[in-house]
Amino acid sequence: MADTAASHRWDQRFRIAEDVFGIAAAYTHSRPASRHPDLRVPSDTACRYLLMLGIADRYRNQGGKFADEVLLDALYDILEREPDHESVAVFARVDRHNVPSQNMLSRADFQQVIPGTAERRLGWWLLTLDR
């Protein structure tokens with residue numbers, strides 16, 4: 001990505017973890033260009049969107065331990081990307097039918113702030129990280 005003011009504002013990060021069988025997990029997060037109008041955070045709090053977190057099929061149905069480790073890595077990575085802020089609001093969107101992802105976020109203390117509905121399939125989840 002070009003080193004422009006827009007790219008610094010957006011600041012997307014994409015990480016892939018591999019094992020001997022190939023890609024084991026991946027995630028991406030970014031600083032939003034503009035904040036969602038319904039998602040309120042204090043002005044001195046950084047905001048990041050956890051855009052995607054994927055786990056290979058071979059690591060699923062094992063109680064979420066590997067997914068929890070990947071999410072924890074993503075959260076530490078998010079904190080590293082916002083060194084000038086004492087707190088970072090991390091937002092994630094999850095399909096209302098995606099129970100494993102909802103459970104993963106719940107285990108990490110995310111709170112659902114806007115539930116998914118029949119009209120709005122994706123719900124919003126929030127975790128505020130403090131240093």
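The values are calculated or read from the model by the stated rules, or taken from the named source; none is laboratory data. From a predicted model like this one, the values you see are computed outputs, not experimental measurements. Using ideal geometry, Cβ is built from the backbone for each residue, glycine included, and neighbour counts are taken over all protein chains shown. The accessibility values were calculated without ligands, DNA or RNA, using every heavy atom of the protein model including side chains. Shrake-Rupley method; radii C 1.70, N 1.55, O 1.52, S 1.80 Å.
Hey, does the range 110-127 have a residue that's in contact with a His (Cβ under 6 Å, 6 or more places away or on another chain), aliphatic (A, V, I, L, M) and surrounded by 12 or more Cβ atoms within 10 Å (Cβ to Cβ)?
no
Only one residue in Arg13, Arg35 is within 13 Å of the chain's Cα centre (by Cα), surrounded by 12 or more Cβ atoms within 10 Å (Cβ to Cβ) and among the basic types (Lys, Arg), so which one is that?
Within the list Arg13, Arg35, the selection yields Arg13.
Looking at the range 69-93, which of the residues that are assigned to a strand (DSSP E or B) and open to solvent by 10 Å² or more (accessible area, probe 1.4 Å) is farthest from Ala25 (Cα to Cα)?
Once the filter is applied, the top-ranked residue is Ser87.
If you check every pair at least six apart or on different chains, which have Cβ atoms under 8 Å apart with a residue in the range 47-66 that is part of a helix (DSSP H, G or I) first and a residue that is among the small types (Gly, Ala, Ser) and open to solvent by less than 60 Å² (accessible area, probe 1.4 Å) second?
Cβ pairs passing all conditions: Arg58/Ala24; Tyr59/Ala24; Tyr59/Ala25; Tyr59/Ala67; Phe66/Ala24; Phe66/Ala25.
Could you please let me know if Ala92 is at pLDDT 95 or above and hydrophobic (A, V, I, L, M, F, W, C)?
yes
Quick one: count up the residues across the range 23-32 that are more than 16 Å from Pro83 (Cα to Cα) and crowded, with 19+ Cβ neighbours inside 10 Å.
2
Which residue is nearest to Trp124 (Cα to Cα), if the candidates are limited to the range 40-55 and must be surrounded by 14 or more Cβ atoms within 10 Å (Cβ to Cβ) and more than 15 Å from the chain's Cα centre (by Cα)?
Checked the range 40-55; the qualifying residue nearest to Trp124 (Cα to Cα) is Val41.
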